[in-house]
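First the structure, then my questions, so here it is.
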Amino acid sequence: MEIPASDIPATLSAHTAESYDMSIRFLSDGLVFSLSDTEGKACSTCTYPFDSGAEDYCAAVKELFFHYQHLTFPYRRVHVSYRPDSYVLIPRALYEEGRADYWLRTAVHLPDEGKGVAVMEYNLPHQDKMLILAWDKPLYEFLRRTQIGTEFTPGFIPFFKETERQSRQHTAKRVALNLRHDKLDLFVFEGGSLLFANTYSLTDNQGVRSIEEEVLFYLVTVWKSLRLDIEHDRIVICIQQNVRDHSVGKEDLRQILEPFFRHIELCKEPV
């Protein structure tokens with residue numbers, strides 16, 4: 001997909017890139033490229049779909065970088081919003097530098113010596129906890145080679161922060177559901193504090209149960225285990241869109257959940 005000329009600043013080049021900040025947000029079937037100036041003003045946003053014939057996710061990303069040279073320019077700052085495969089929530093006080101993989105191995109399978117898996121860390125600013133995450137190692141290393149000094153952030157963080165902020169303003173617990181293609185991120189907040197965080201794999205097996213029914217299953221399981229109150233506690237849902245918009249329908253999900261839960265909010269995907 002070629003970019004309309006008006007979408008990219010005419011002055012952008014490898015020589016002027018240091019006057020811009022670049023952001024890349026990965027989707028299940030493509031990426032969103034954004035530029036802003038040094039004052040934070042948005043200059044450009046473009047969406048690039050992956051080639052359906054690419055060997056794997058990393059190969060699809062590389063093809064876009066090779067095709068669109070401006071993705072490789074030396075920008076002032078580079079921020080990447082990535083889609084973690086899995087993660088664990090740990091108390092920050094127990095974290096030891098260089099031992100993040102130890103915590104991840106307690107919850108997910110890691111190949112020997114972390115082959116193929118990049119172990120990432122993310123500090124939750126207003127919590128006494130942090131996330132240890134697993135991501136695509138070849139892709140992580142490719143991006144670090146291509147853009148030195150890149151800042152990496154889990155893609156659900158804007159939704160996480162917004163739900164955290166709202167939680168401080170209400171006494172009821174808030175259950176945040178973030179759907180991203182084949183994953184469900186589930187967070188529970190009370191008074192701004194994070195009580196629970198986990199991710200679940202979703203399989204679109206219509207012969208057994210739909211994705212919406214899988215979401216209901218995981219939600220009910222967590223709801224019961226934490227003894228949440230159906231009269232007061234609230235559910236907030238964010239569905240991350242794909243380039244080709246093959247994501248779960250908000251209204252379909254609402255119809256599945258409404259017979260079981262009283263307070264359900266559907267929100268737009270924060271940026």
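For the pairs 224/250; 129/161; 183/250; 129/268, flag any whose C-alpha to C-alpha distance is greater than 18 Å.
Pairs exceeding 18 Å: 224/250; 129/268.
Answer rounded, prolate or oblate for the stretch 129-214, using the Cα gyration tensor with square roots of eigenvalues a ≥ b ≥ c: rounded when a/c is under 1.5, else prolate when a/b is larger than b/c, else oblate. Mind showing how you got there, number by number?
Values: a/c = 2.85, a/b = 1.17, b/c = 2.45.
Oblate is the answer for the stretch 129-214, as a/c is 1.5 or above yet b/c matches or exceeds a/b.
Between residue 72 and residue 128, 0.36 nm times their residue separation minus their Cα-Cα distance comes to what? Kindly include the intermediate steps, with their values, before the conclusion.
On the way: separation 56, 0.36 × 56 = 20.16 nm, distance 3.63 nm.
Full extension of this stretch gives 16.5 nm more.
Right, here's the next one. Considering only the other residues whose Cβ falls under 14 Å of the Cβ of residue 227, what net charge follows from Lys and Arg at +1 and Asp and Glu at -1?
Working: positive: 173, 224; negative: 190, 229, 231, 233.
It works out to a net charge of -2.
Continuing with the same structure: Share of antiparallel DSSP beta bridges in the stretch 112-246, in percent to the nearest 5?
Numbers: 23 of 29 bridges.
Expressed as a percentage, antiparallel bridges in the stretch 112-246 total about 80.
Using a basic spin-label model with each label point 7 Å from the Cα along Cα→Cβ, how many nm lie between residue 210 and residue 267?
About 2.5 nm, to one decimal.
Between rounded, prolate and oblate, where does the chain land on the alpha carbon gyration tensor, with a ≥ b ≥ c its root eigenvalues, rounded for a/c under 1.5, else prolate if a/b exceeds b/c? Could the numbers behind the result be given before it?
On the way: a/c = 1.65, a/b = 1.49, b/c = 1.10.
Prolate is the answer for the chain, as a/c is 1.5 or above and a/b outweighs b/c.
From the square roots a ≥ b ≥ c of the eigenvalues of the alpha-carbon gyration tensor of the stretch 5-82, which class results: rounded (a/c under 1.5), prolate (a/b over b/c), or oblate? Working shown, then result.
Numbers: a/c = 2.05, a/b = 1.83, b/c = 1.12.
It comes out prolate by the Cα gyration axes.
Relative contact order (percent) for the chain, with alpha-carbon contacts under 8 angstrom and 6 or more residues of separation? Walk me through the numbers before you get to the answer.
On the way: 469 pairs, mean separation 41.3, N = 271.
Over the chain, the number comes to 15 percent.
Which whole-number percent is the relative contact order of the stretch 1-153 (Cα, under 8 Å, 6+ apart)? The partial results should precede the final answer.
Working: 242 pairs, mean separation 33.3, N = 153.
For the stretch 1-153, the relative contact order is 22 percent.
Can you list residues from other chains, or at least 5 along the same chain, whose modelled amide H is less than 5 Å from the amide H of residue 129?
92, 124
Assuming R0 = 30 Å, what is the FRET efficiency of residue 85 and residue 45, from their Cβ-Cβ distance, to the nearest 0.05? If you can, show how the numbers build up before the last one.
Working: r = 26 Å, r/R0 = 0.87.
Efficiency computed from Cβ-Cβ geometry: 0.70.
Taking a virtual spin label 7 Å from the Cα of residue 56 along the C-beta vector, which residues in the stretch 7-33 bring their backbone nitrogen under 18 Å of it?
In the stretch 7-33, the label zone of residue 56 (backbone N under 18 Å from the point 7 Å along Cα→Cβ) covers 27-30.
Counting other beta carbons within 10 Å of each Cβ, put 269, 212, 164 in order, fewest first.
On the way: 269 15, 212 18, 164 21.
Starting with the residue having the fewest Cβ neighbours, the order is 269, 212, 164.
Here is a follow-up. Please enumerate, by chain and number, the aspartates and glutamates with C-alpha under 13 Å from the C-alpha of residue 41, excluding those fewer than 8 residues away in the same chain.
21
May I ask you to compute the full-extension gain from residue 241 to residue 182, defined as 0.36 nm times their residue separation minus their alpha-carbon distance, rounded to one decimal in nm? All intermediate terms of the calculation are to be shown ahead of the outcome.
Working: separation 59, 0.36 × 59 = 21.24 nm, distance 1.20 nm.
Roughly 20.0 nm would be gained on extension.
For residue 251 and residue 96, what does the FRET efficiency come to when R0 = 45 Å and r is the distance between their Cβ atoms, rounded to the nearest 0.05? Show your work: numbers first, answer last.
On the way: r = 46 Å, r/R0 = 1.02.
Computed FRET efficiency for residue 251 and residue 96: 0.45.
Hey, can you grab everything whose amide H is under 5 Å from the amide H of residue 152? Only 5+ residues off in sequence or another chain; H modelled, so Pro and N-termini drop out.
80
Throughout, read-outs are computed from the coordinates displayed, never taken from laboratory work. Keep in mind that this is a model prediction, so the values were computed, not measured. Backbone-built Cβ (ideal geometry, glycine too); neighbour counts: all protein chains shown.
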